[in-house]
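The values are calculated or read from the model by the stated rules, or taken from the named source; none is laboratory data. Keep in mind it's a predicted model, so treat the numbers as computed, not measured. Here the Cβ is made from the backbone with ideal geometry for all residues, glycine too, and neighbour counts use every protein chain on show. In case anyone asks, the SASA skips ligands and DNA or RNA and just uses the protein heavy atoms, side chains included. Shrake-Rupley method; radii C 1.70, N 1.55, O 1.52, S 1.80 Å.
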Amino acid sequence: MTELDSRLRAVCDLSLPQMREMAGRHEYDGRIQDLSPEGVRAGLAALGRGEPPADPHDAAHLRIFEEDAQVRYGELELHRSNPLPHLENLDLAAYDREYAPEAERAAARNAHLALWPEAVDHAIASLDRLSA
């Protein structure tokens with residue numbers, strides 16, 4: 001798997017479930033995205049650090065994804081009012097696909113499942129714009 005530079009990694013880290021499920025970035029297997037207020041702040045602070053890609057087209061795409069993350073998490077703070085990112089963080093369906101040996105996928109699924117209490121704590125801390 002191709003290693004990501006720090007600038008692209010910051011964007012991927014703010015879309016961890018999508019990177020695992022849709023982009024096949026299995027280094028995110030067995031992990032959750034830190035959607036706590038502190039985790040989101042840290043993720044936003046990491047955006048835009050480092051050199052842009054040399055290719056202007058790639059650099060433009062990266063800027064758009066950085067701006068998208070800034071709008072979603074920084075301006076709109078959707079993680080505070082929308083439970084969907086928190087539910088996606090709990091999703092185990094990616095491990096059902098046969099992308100790796102069953103034992104490897106089961107270990108990743110179990111590691112991910114073990115992090116559910118932490119993910120729920122993050123959701124409770126963040127979802128302060130929902131009515132009880």
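Under a 1.4 Å probe, what is the accessible area of the chain per residue, stated in Å²?
Accessible area per residue: 58 Å².
Carbon and sulfur: what percent of the chain's accessible surface (1.4 Å probe)?
58 percent
Hey, what did the chain get for relative contact order, percent, Cα under 8 Å, at least 6 apart?
Normalised by residue count, the contact order of the chain is 34 percent.
Show me 112-125, 32-45 ranked by packing, highest mean number of other Cβ atoms within 10 Å first.
32-45, 112-125
Per-residue ellipticity at 222 nm for the chain, helices alone: DSSP H runs ≥ 4 residues times -39500 (n - 2.57), over residue total, nearest 500 deg cm²/dmol?
-15500 deg cm²/dmol
Quick one: putting +1 on the C-beta of Lys and Arg, -1 on the C-beta of Asp and Glu, what dipole do you get for the chain around its Cα centre, in Debye to the nearest 20?
200 debye
So how exposed is V71, as accessible area in Å² (1.4 Å probe, rounded to 10)?
Here the residue's solvent-accessible area equals roughly 60 Å².
Which chymotrypsin sites (Phe, Trp or Tyr not before Pro) from segment 72-119 combine a DSSP loop assignment with at most 13 other Cβ atoms within 10 Å?
Sites meeting the loop and neighbour criteria: Y99.
Can you tell which of L47, L84, L92 shows the greatest fluctuation in a Gaussian network model of the chain with Cα springs below 10 Å?
Of L47, L84, L92, the most mobile in the Gaussian network model is L84.
Taking 25 Å as R0, compute the FRET efficiency from the Cβ-Cβ separation of L127 and D96 and round it to 0.05.
Between L127 and D96 the formula returns 0.35.
At a Förster distance of 41 Å, what's the computed FRET efficiency of V120 paired with M1, Cβ-Cβ distance as r, to 0.05?
FRET efficiency, V120 to M1: 0.90.
Can you tally the net charge around A60? Count Lys and Arg as +1, Asp and Glu as -1, for every other residue whose Cβ sits under 15 Å from the Cβ of A60.
Value of the local net charge: -4.
Considering only A42, M22, L8, whose Cα is most displaced toward the positive end of the charge dipole of segment 1-52, charges sitting on Cβ of Lys, Arg (+1) and Asp, Glu (-1)?
A42
Using the Cβ atoms and a cut-off under 13 Å, what net charge is assigned to the surroundings of R25, where Lys and Arg are +1 and Asp and Glu are -1?
Its environment carries a net charge of -2.
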